[in-house]
Number of protein chains: 2
Amino acid sequence: MAQPIYANLRNLRFLLFDVFQIDSLTQYPYFEDHHHEGFEMLLESAFQIADKHLYPYLKEMDRNEPQLVEGKIRVHPKVREMMRAFGEAGWIGAGFPYSHEGQQMPMAMISASNFIFNAANYSASVFPFLGAGAARLILSFGSQHLQNTYIPRILNGEWQGTMALTEPDAGSSLSDITTAAEPTAEGHYLIKGQKIYISCGDHDGTDNIVHLMLAKIKGAPAGVKGISLFVVPQKRLDAQGQLVPNDLQTAGVYHKMGYKGAPIAHLQIGERGDCHGYLVGEPHKGLTYMFQMMNEARIGVGMNAVGIASAAYYASLQYSKERPQGRKIDNKDLSLPQIPIIQHADVKRMLLFQKSIVEGCLSLLLQTSLYADMAHVSEGEAQENYHLLLDLLTPIAKSYPSEMGILSTSAAVQCLGGAGYCKDFPVEQFFRESRIHPIHEGTTGIHGLDLLGRKVTMHNGKAFQLWMAEMQQAIAQAKTHPQLNPAAQQLEEVLQQYVAITQHLVGLASQHGVETFLADATLYLELSGIIAVAWQWLLQATKATQVWTEQKTETTASVVSQGATQTAAAVELDAQFVQGKVQTMRYFFAYELSKTAALLQRLRQVDPITVQMHPDWFE
Amino acid sequence: MAQPIYANLRNLRFLLFDVFQIDSLTQYPYFEDHHHEGFEMLLESAFQIADKHLYPYLKEMDRNEPQLVEGKIRVHPKVREMMRAFGEAGWIGAGFPYSHEGQQMPMAMISASNFIFNAANYSASVFPFLGAGAARLILSFGSQHLQNTYIPRILNGEWQGTMALTEPDAGSSLSDITTAAEPTAEGHYLIKGQKIYISCGDHDGTDNIVHLMLAKIKGAPAGVKGISLFVVPQKRLDAQGQLVPNDLQTAGVYHKMGYKGAPIAHLQIGERGDCHGYLVGEPHKGLTYMFQMMNEARIGVGMNAVGIASAAYYASLQYSKERPQGRKIDNKDLSLPQIPIIQHADVKRMLLFQKSIVEGCLSLLLQTSLYADMAHVSEGEAQENYHLLLDLLTPIAKSYPSEMGILSTSAAVQCLGGAGYCKDFPVEQFFRESRIHPIHEGTTGIHGLDLLGRKVTMHNGKAFQLWMAEMQQAIAQAKTHPQLNPAAQQLEEVLQQYVAITQHLVGLASQHGVETFLADATLYLELSGIIAVAWQWLLQATKATQVWTEQKTETTASVVSQGATQTAAAVELDAQFVQGKVQTMRYFFAYELSKTAALLQRLRQVDPITVQMHPDWFE
């Protein structure tokens, strides 16, 4: 059996260059040095580095999980090599400005590369990704000294960056953190406390670990308004520029169901009273700063989920094409050979489900990344609008791919049957790995509250209105193609109900209180996720249909005047790709968008069943 | 943190003695020696043996998976002890007739005990369960000699029984098995071939392994009509009554995602031409015989899924009661302590989901087991009707709990957040274990085809009509309680649509061909599963309401005439139990039964999207 692919380059190119036309970003000064060929090369080199440094160690890193040995977490020896390779090739800092030896690469391209890395080996891809996030936080809010000291070494892969938020008594409830920071006359702070679940929080794949850590300065206000952000390195630089221990102990490494290649640490900070931390920005603004990293990380987590689902999809697709089992349901003649299982309708259904999730969610995450780029390069009201769209879509783009990633990898397992449950094939690993995403970077429940309780109503609902307008535009474009009209109408009808239910729910707050208003926020989030991905599928089917129509016209034209015309599409498509896109859109609308009927039915009821359920009634 | 329970005795008693009134089985001669106290004692001793021999090794058996050492699979050393304890206490043969030293226990009680064992330690519970199935097959169809030789030793736990069907090229497609059986002059057959995925197919926890194996006698008709059933022991008895090797080699042990305590073997049979097999019953009828074991095993698999989900539910319930995190959404005063997460609506939703799945599916499986008992003791048309109900409900009772078991254990993981993903807590193990059930004993896709393609239309739809009548009766009873009226009406409306969609789908076969007719059989199976569990919830809510009303009347009456009256209910209920039942029914109807809207919407479309999808369009 040949090696299956883990990510589809042609599909990525179709999304980036045709659907989102990211070449047009180069018209803005910040991106003006970029060009189409450069973007193409970036994708190619992402696959190259993934093929060399990530994919070969997918299974090994799962089977040899990190161990705590004499106070230090040991990871797979290839991690060090990979971090240096990523650093040297400029991958960790690709999105950074030229002033920091970055490449000013659009976030859409960074997200596309991350997708490739995530699909090749999710655990391994986490190390450089976290480094980039930590360095960017220092760049945005840290002093010149902090920037000079930490950013170059994180970006070249020598040092690991992390985000250190969670504590034993403060996970979802960050207002309850107790890690303390005491100012000193020398300017640094003495940090004391405990942090748990710190991804890449300690390991021997880099020479130092740099935590971007939340703590409370003594005497700070209670709750989130008293949280500050610090750089807390595992080893600090002494006056001679030598690395010396900074009183950070690794108390433990977590043993997890999956995602085993990346070490998750439990840290004891400042037990001997000698842990130096360096304030980032102003006191008490730490959580606001951290949200920059968290919002990026949320798009990142969505992409992690899609990357894993992509690898699982292609593994199950290949198996389904090669595994003979059974015969056509309408011709069971036993003298005929068995057929590949991909010919059974139910296997096609499971593959279509996966394709619809992988390519639909990937599209949503690239769309969101493009909004981030547009927010970066545009000005005035346009900039504000892109920020609003990004803010609104972030909980959706994090959560829907994360939740569906479990079901998508589960469908991959099911395609393989008994083989899928065994360790000879990679799909069981993908299923285990996918389970983390609805948990970290804010649980699905938290994102439901964020979306319905905050994002939908912010700026008098402006973000929500902007999104509706974007979707209406997509519907209008789809309607110009007769064969897409039924889908466009279906989405239009769902949108009307979505607007109505949103108004209905928001209205509940004043009539029935905030608890009833938000009781089914998770269902509302799911509803929003289905709609968002349906929108993306309509965009894709529209573009595929349009490019295909133009290509066919081109072909006819070029017979007349060979070479004189140039195709309008960046990526040449074939009939199978186009039909696959349209059929998968049809699948998603028939099987997944239809689920909004059930969610809307429940959300219309004003009957707080969960709120009323008394804890004692569960026994 | 105290140990959570893994299964709820009070709920089991409520279902067995109040909802299903299994005491009434004792009116039939076959069960006449049984009585209520005996049933109660059986449940108590099931918990005792589970507490002693199963639950303590749950984690150990997962962490120390079976290994193939010098051609023999080594399992956890406690397996041997457990098998003898189960054998000696009569658990393996509890359902067998007195003539075979069984206890003639009703299947409803056997299923209830299995539920307890599955919940305590799924992997361990598989060993005795498979033994019982194999012995029953020999009892039903084997010669007196086979019965005398094998049944006692399997039932006392000395020997392991298995079912050996799957081959490398024949999993779902059993018609393609190639294991060959050649008759000899001595009466036995020489067996040659390979079997894969054989649960408990080799291990050192018993002195012998007895396979109930499918093979084809040379010259047999092609396909399933040429399959015969054999007893193929790992060691056979020679003329002196000594166990000697029977040319059965263990080629490998599978390393799996979960369910690790039970060894799954790859067998090489008759490589030296000396593997003796003993025909069971008549030639070429093997698959028909095997279906007896498979149908029992299917109810068993449904119960396995529910057992695991039960253990996960109670683990997450306890965590949710003990873990403080965050504050009431309508009072975030930071000077207040954090509240246990069970007070958050979204956590209650995840617990209600689990409770609705665990108790709803358990109820469905006990209902199905009771139909099996009634089919056993009744006669004439009544017997035929119970057989039809059992046949119809088997694919549903296997598949819906299996599929929902994944989601239910996933919800348990989500309740624990990061802790749920780590190996310090058992829920990640439950999540991994639950993933096997939609695969073994027929995949969900296969059961969808069985239900829609065969069971619904068999005997001119009589089974389907009988089931509708059972549900209509439950609806009528519920309507006598005003507070249950809305739920009863909701189910009634869904049933009307269910009947209509069934007729619609069956009609498609002649108009559009069998492939289109069956393309969405898996969705139809899911629809049927939701309806079946809604029916069970209505039964439970009705009974709880009725018992509660009677109890209250009793209490009033007993003040007047103390001790003179006796409560009509077998189990005394408290207000919390009753309110929990009614509220969980309301949850299931609002959040789960509503999903039928989406399924019906899709099933109404005549648009064979999956059938049309060409394999080349997936790339």
Problem set entry | Cα Rg, Dmax, segment A:389-445, angstrom units | 13.5, 44
Exercise. With +1 on each Lys and Arg Cβ and -1 on each Asp and Glu Cβ, how big is the dipole of chain A about its Cα centre, in debye rounded to the nearest 20?
Worked result: 1100 debye
Seminar exercise, completed: Each residue of A:337-347 has, on average, a number of other protein chain C-beta atoms within 10 Å of its C-beta equal to 5
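Using Stokes-Einstein with the Kirkwood hydrodynamic radius over Cα pairs, what translational diffusion coefficient do you get for chain A at 37 °C and a viscosity of 0.692 mPa s, in µm²/s rounded to a whole number?
128 µm²/s
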Exercise. Rule-of-thumb check for segment A:97-156: C-alpha Rg over 2.2 N^0.38 Å?
Worked result: 1.19
Exercise. Where nothing but the Cβ of Lys and Arg (+1) and of Asp and Glu (-1) is charged, how large is the charge dipole of segment A:103-226 around its Cα centre, in debye to the nearest 20?
Worked result: 320 debye
For this session: At 7 Å along the Cα-to-beta-carbon direction for both B:Arg10 and B:His512, put a label point, then send me their distance in nm to one decimal.
Result: 5.0 nm
Problem set entry | Charge dipole of segment B:355-401 about the Cα centre (unit charges at C-beta), most positive-ward option of B:Leu388, B:Ala375, B:Gly360 | B:Gly360
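Given a Förster distance of 60 angstrom, what is the FRET efficiency for B:Arg84 paired with B:Glu493, based on the Cβ-Cβ distance and rounded to 0.05?
In this case the efficiency is close to 0.65.
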For this session: Please figure out what share of the DSSP beta bridges in the protein assembly as shown is antiparallel and state it in percent, rounded to the nearest 5.
Result: 80 percent
For this session: Consider just the alpha-carbon atoms of the protein assembly as shown and return their Rg together with their Dmax, both in angstrom.
Result: 31.2, 106
Exercise. Can you list, largest first and rounded to whole Å, the semi-axes you get for segment B:1-105 by taking the square root of 5 times each eigenvalue of its Cα gyration tensor?
Worked result: 32, 20, 10
Seminar exercise, completed: Across B:595-604, the residue-averaged tally of Cβ atoms belonging to other chains within 10 Å stands at 5
Problem set entry | Dipole axis of segment B:167-291 (+1 Lys, Arg; -1 Asp, Glu on Cβ), positive-most option in B:Leu287, B:Gly241, B:Tyr254 | B:Leu287
Exercise. Which semi-axis lengths, in whole Å and largest first, follow from the square roots of five times the eigenvalues of the Cα gyration tensor of segment A:317-363?
Worked result: 27, 10, 5
Seminar exercise, completed: A correct Karplus calculation of ³J(HN,Hα) over segment B:436-451, with 6.51 cos²θ - 1.76 cosθ + 1.60, θ = phi - 60°, whole Hz and x for Gly and Pro, returns 6, 5, x, 9, 7, 6, x, 5, 4, x, 5, 5, x, 5, 4, 5
Problem set entry | Gain on full stretching of the segment that runs from B:Ala476 to B:Lys218 - 0.36 nm per residue minus C-alpha separation | 87.2 nm
Seminar exercise, completed: Computed on Cα atoms, the radius of gyration and Dmax of segment B:292-423 in angstrom are 19.8, 72
Problem set entry | For segment A:179-311, the spread of Cα positions along each principal axis, largest first, Å | 53, 32, 25
Exercise. What are the ³J(HN,Hα) values, in whole Hz, obtained from phi via the Karplus relation 6.51 cos²θ - 1.76 cosθ + 1.60 with θ = phi - 60°, for each residue of segment B:331-343 in sequence order, with x given for Gly and Pro?
Worked result: 7, 9, 3, 6, 7, 7, x, 5, 9, x, 5, 5, 7
Exercise. So, in nm, how far is label B:Glu271 from label A:Ala185 when the simple model puts each one 7 Å beyond its Cα toward the Cβ?
Worked result: 8.1 nm
Exercise. Mind checking the mean number of beta-carbon atoms from other chains within 10 Å of the Cβ atoms in B:410-422?
Worked result: 6
For this session: List the relative contact order of segment B:179-279 as a percent without decimals, with contacts defined as Cα pairs under 8 Å and 6+ residues apart.
Result: 37 percent
For this session: Name the helices (complete DSSP H segments) of chain A with a Cα length along the long axis of 24 Å or more and a Kyte-Doolittle mean of at least 1.0, or state none.
Result: A:122-141
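Go ahead and estimate [θ] at 222 nm for the protein assembly as shown from helices alone: -39,500 (n - 2.57) per DSSP H run with n ≥ 4, summed, over the residue count, rounded to 500.
For the protein assembly as shown, the value works out to -17500 deg cm²/dmol.
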Exercise. If we count every other residue with Cβ under 11 angstrom of A:Thr443's Cβ, Lys/Arg +1 and Asp/Glu -1, where does the sum land?
Worked result: -3
Problem set entry | Amide H contacts under 5 Å for B:Gly205, placed H, 5+ residues apart | B:Val75
Exercise. If you take the beta carbon distance between A:Asp51 and A:Asp574 as r and set R0 to 25 Å, what does 1/(1 + (r/R0)^6) give as a FRET efficiency, to the nearest 0.05?
Worked result: 0.55
Exercise. To one decimal in nm, how far is A:Glu40 from the same spot in the other copies, if labels go 7 Å from Cα toward Cβ? Please give the shortest first.
Worked result: 8.1
Problem set entry | Enclosed volume per residue, in Å³, of the convex hull spanned by Cα atoms of segment A:580-619 | 95 Å³
For this session: Only bridges with both residues in segment B:150-230 count here: give the DSSP antiparallel percent, nearest 5.
Result: 55 percent
Seminar exercise, completed: In this structure, the FRET efficiency calculated for B:Asn485 and A:Asp616 from their beta-carbon separation, with R0 = 35 Å, to the nearest 0.05, is 0.85
Exercise. Counting Lys and Arg as +1 and Asp and Glu as -1, each charge on the Cβ, what is the dipole of the protein assembly as shown about the Cα centre in debye, to the nearest 20?
Worked result: 100 debye
Problem set entry | Length released on extending from A:Val606 to A:Ala469, taking residue separation times 0.36 nm less the Cα-Cα span | 46.5 nm
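For segment A:170-233, compute Rh as the Kirkwood radius over C-alpha pairs and then the Stokes-Einstein diffusion coefficient at 20 °C and 1.002 mPa s; write the answer in µm²/s, rounded to an integer.
167 µm²/s
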Exercise. Any idea how far the Cα center of segment B:56-88 sits from the one of segment A:503-532, in Å?
Worked result: 50 Å
Problem set entry | Nm distances between copies for A:Glu492, ranked from closest, using label points 7 Å along Cα→Cβ | 3.9
For this session: Kindly give the distances from B:Ser99 to its copy-mates, label point to label point, with each label point 7 Å from Cα along Cα→Cβ, as nm values to one decimal ordered shortest first.
Result: 9.2
Exercise. Which whole-number percent is the relative contact order of chain A (Cα, under 8 Å, 6+ apart)?
Worked result: 13 percent
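Throughout, read-outs are computed from the coordinates displayed, never taken from laboratory work. Being a predicted model, the structure only gives us computed values, none of them experimental. A quick note on method: Cβ atoms are made from the backbone with ideal geometry, for glycine too, and the neighbour counts reach across all protein chains shown.
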